[in-house]
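Chemist: Next up is a structure, given as structure tokens.
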Amino acid sequence: MTISVNTMRAIDHWVGVPLCAIATPLVALMDSARNLLSREPQAPKKLLFIELSEMGSAILVDPAMRNAQARGAELFFLIFKSNRASLTLLNTVKPENIFTIDSSSLGGLIKDTLRFLIVARRHRIDTVIDLELFSRFTALLTGLCGARRRVGYHIFHGEGLWRGCMLTRKVHYNPHIHITKNFLSLIHAAFADKIEVPFSKIQIPDSEVRLEQAVINPVALEKVRERIEKLAKEAGIEYVYGKHRLILINPNASDLLPQRRWAQQRFSELIQGVHQQYPHDLILITGSPAELAYVEKVRVVANVKNALNFAGQVSFAELPPLYTLSDVMVTNDSGPGHFSAVTALRTVVLFGPETPALYGSIGNSIAITANLACSPCVSAANHRKTPCHDNVCMQAISVTQVLEKVNIQLQAADQAKGR
């Protein structure tokens, strides 16, 4: 039985707060003992990143990880087991340096947590960077993993989530710059020669937000292409790669924030509109194997012959080949918007409770947001939990608006491919 998001939030609050209160003086005592024996190392040598629950963050943090790697640090990463595949898109961290925690059951969570705390000490991790903004669980892992240098976001005089005092280098989270720059500020704090209060008193230029592109295996690319052509043929659709466009529609979003979903009916209407303008092109409605029924409802309501249910048809490792073969993708604000950024695919991403100013894709993307007075309604101060049960911010985005941006992206894709 999988632990629900709300259950994990409840545990993080009711168990996390007292544990942070207990661990704070314990961590301070351990630091004092270590400081008597030796000084803090000059620079990070073995650097651990902790980001458990957001698969898209594994892409957004990649510029920061490569920055640390260029400074000579060996990289390690801790992530929930179910999200591990997101680290394989760019392979910045060696597979043997990726630690996982099984969150599918409370017993597995406890067992893997204790195992990680032992393994981290065996690897002599000297620096840990807590990428989370909202989790007391990761704060505890940061404080207890044995690292001398511990970097993360601190509340200072704010009224938000209290996570104890586990950090040796406290960084101010800036809610007015993109999250990739916030991650880069953590790297500055980790490698800084002197303590700043708060970190990081630097300017981070846009040029530092560079994302590596995935290396596409030609064999994998060919397999995905053949699979698409076979499915199209079985459905009686003429599709030839290079002659016809391939348009992806990703209608779902994770249960972490269901308010991010544009209505299934709107996606169906979008498919109808795309088909009306591009009647000879193939539309694939994508999703995970668990989203098969959700995607099928979108397809059935659209009732467009050239639109296929493609949920579960590719593995996570085959996403870059799929995105390379495609011309444009429309998606809710969710993982695929970030995963596609490791390819040249052009995307249209729909935002509501989040803002693209902070969490927009750093690929070839156009963001659409209604800019309501209440948006964004989730932040570091509310555990990304909103009271909203009527996502007008998503309902306000019209099919016409999305079609307009799809046309822009398709024209750019045509130009890039010499059509």
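Chemist: With each pseudo-label sitting 7 Å past Cα toward Cβ, what's the residue 26-residue 407 distance in nm, one decimal?
Modeler: 6.2 nm
Chemist: Here is a follow-up. Taking all protein chains together and a probe of 1.4 Å, list 194, 170, 385 from the most accessible to the least accessible.
Modeler: If we order 194, 170, 385 from most to least accessible, we get 194, 385, 170.
Chemist: Using Cα springs under 10 Å in a Gaussian network model of the chain, which residue among 306, 252, 371 shows the largest mean-square fluctuation?
Modeler: 371
Chemist: Reachable lysines from residue 417, Cα under 20 Å, same-chain residues fewer than 8 places away excluded?
Modeler: In chain and number order, the partners are 243, 405.
Chemist: Pulled fully out, how much extra length does the chain show between residue 400 and residue 45, if you take 0.36 nm times their separation in residues and subtract their Cα-Cα distance?
Modeler: 122.6 nm
Chemist: Treating only the Cβ of Lys, Arg, Asp and Glu as charged (+1, +1, -1, -1), what charge dipole size does the stretch 280-419 show about its Cα centre? Round to the nearest 20 debye.
Modeler: Taking the Cα centre of the stretch 280-419 as origin, the dipole is about 40 debye.
Chemist: When ranked by the protection proxy of mean other Cβ atoms within 10 Å per residue, highest first, what sequence do the peptides 332-339, 244-251 form?
Modeler: So the peptides 332-339, 244-251, ranked by packing, come out 332-339, 244-251.
Chemist: Here is a further query. Determine the order of 414, 193, 102 by accessible area, beginning with the largest, at a probe radius of 1.4 Å.
Modeler: I get 193, 102, 414, largest accessible area first.
Chemist: A further question on this structure: Considering only protein heavy atoms, what is the solvent-accessible area of residue 369 at a probe of 1.4 Å, reported in Å² to the nearest 10?
Modeler: Residue 369 exposes around 40 Å² with every protein chain in place.
Chemist: Another question, if that's okay. I need the calculated FRET efficiency for the pair residue 117 and residue 272, taking r as the beta carbon distance and R₀ as 41 Å, to the nearest 0.05.
Modeler: 0.15
Chemist: Right, next: How far is the Cα center of the stretch 153-206 from the Cα center of the stretch 51-118, in Å?
Modeler: So the separation of the two Cα centres works out to 20 Å.
Chemist: Once the convex hull of the alpha carbons of the chain is built, what does its volume come to per residue, in cubic angstrom?
Modeler: Per-residue hull volume (Cα only) is 145 Å³.
Chemist: Once all Cα-Cα distances of the stretch 22-78 are split into 5 Å bins that start at 0, what whole-number percent is in each one?
Modeler: 4, 15, 17, 16, 17, 15, 12, 3, 0
Chemist: Enter the accessible area per residue of the stretch 283-376 (Å², integer; probe 1.4 Å; all protein chains in place).
Modeler: Value for the stretch 283-376: 33 Å² per residue.
Chemist: With the dipole of the chain worked out from charges on the C-beta (+1 for Lys and Arg, -1 for Asp and Glu) around the Cα centre, which of 85, 326, 4 lies farthest toward the positive end?
Modeler: So the residue we want is 85.
Chemist: Subtract the Cα-Cα distance of residue 36 and residue 372 from 0.36 nm times their separation in residues, and report this length gain in nm to one decimal.
Modeler: Roughly 115.5 nm would be gained on extension.
Chemist: Please state the charge dipole magnitude for the stretch 1-99, taken about the Cα centre, from unit charges on C-beta atoms (+1 on K and R, -1 on D and E), reported in debye and rounded to the nearest 20.
Modeler: 220 debye
Chemist: For the peptides 21-29, 402-410, what is the packing order when you average, over each peptide's residues, the other Cβ atoms within 10 Å and list the highest mean first?
Modeler: 402-410, 21-29
Chemist: Next question, about the same structure. R0 = 60 Å: FRET efficiency of residue 174 with residue 234, Cβ-based, nearest 0.05?
Modeler: Once rounded, the FRET efficiency stands at 0.70.
Chemist: Multiplying the sequence separation of residue 11 and residue 317 by 0.36 nm and subtracting their Cα-Cα distance, what value in nm do you get?
Modeler: 106.9 nm
Chemist: R0 = 22 Å: FRET efficiency of residue 223 with residue 255, Cβ-based, nearest 0.05?
Modeler: Plugging the Cβ-Cβ distance into 1/(1 + (r/R0)^6) gives 0.10.
Chemist: Placing +1 at every Lys and Arg Cβ and -1 at every Asp and Glu Cβ, with all other atoms neutral, what dipole size does the chain have around its Cα centre, in debye to the nearest 20?
Modeler: For this selection, approximately 940 debye.
Chemist: In addition: Run the simple label-point estimate for residue 263 and residue 416 please: 7 Å along Cα→C-beta, distance reported in nm.
Modeler: With each label point 7 Å from Cα toward Cβ, the separation is 3.2 nm.
Chemist: Then there's this: Heavy atoms only, 1.4 Å probe, whole protein assembly: order 20, 388 by accessible area, highest first.
Modeler: The residues order as 388, 20, largest area first.
Chemist: A further question follows. Put +1 on the Cβ of each Lys and Arg and -1 on the Cβ of each Asp and Glu in the chain; which of 47, 184, 58 then has its Cα farthest toward the positive end of the dipole?
Modeler: 47
Chemist: Moving on. Please sort 271-278, 209-216 by packing, taking for each peptide the average over its residues of neighbouring beta carbons within 10 angstrom, highest first.
Modeler: The packing order, highest mean first, is 271-278, 209-216.
Chemist: Of 35, 408, 341, whose Cα points farthest to the positive end of the dipole of the chain (charges on the beta-carbon: +1 Lys, Arg; -1 Asp, Glu; origin at the Cα centre)?
Modeler: The Cα lying farthest towards the positive end belongs to 35.
Chemist: So which DSSP H runs in the chain come out at 30 Å plus along the axis (Cα) with average Kyte-Doolittle of at least 0.5?
Modeler: Both cut-offs are met by 16-37.
Chemist: Return the lysines within reach of residue 170: Cα separation strictly under 30 angstrom, same-chain partners fewer than 8 residues apart disregarded; answer none if there are no such residues.
Modeler: Straight-distance partners of residue 170: 45, 46, 81, 94, 111, 181, 194, 201, 385.
Chemist: Report the label-to-label distance for residue 208 and residue 305 in nanometres (one decimal), using points 7 Å from each Cα along the Cα→Cβ vector.
Modeler: Once both label points are built, they end up 5.5 nm from each other.
The values are calculated or read from the model by the stated rules, or taken from the named source; none is laboratory data. Just so it is clear, the model here is predicted, and its values are computed rather than measured. A quick note on method: Cβ atoms are made from the backbone with ideal geometry, for glycine too, and the neighbour counts reach across all protein chains shown. Each accessible area value is taken on the protein alone, full model and side chains, heavy atoms only, with ligands, DNA and RNA left out. Shrake-Rupley method; radii C 1.70, N 1.55, O 1.52, S 1.80 Å.
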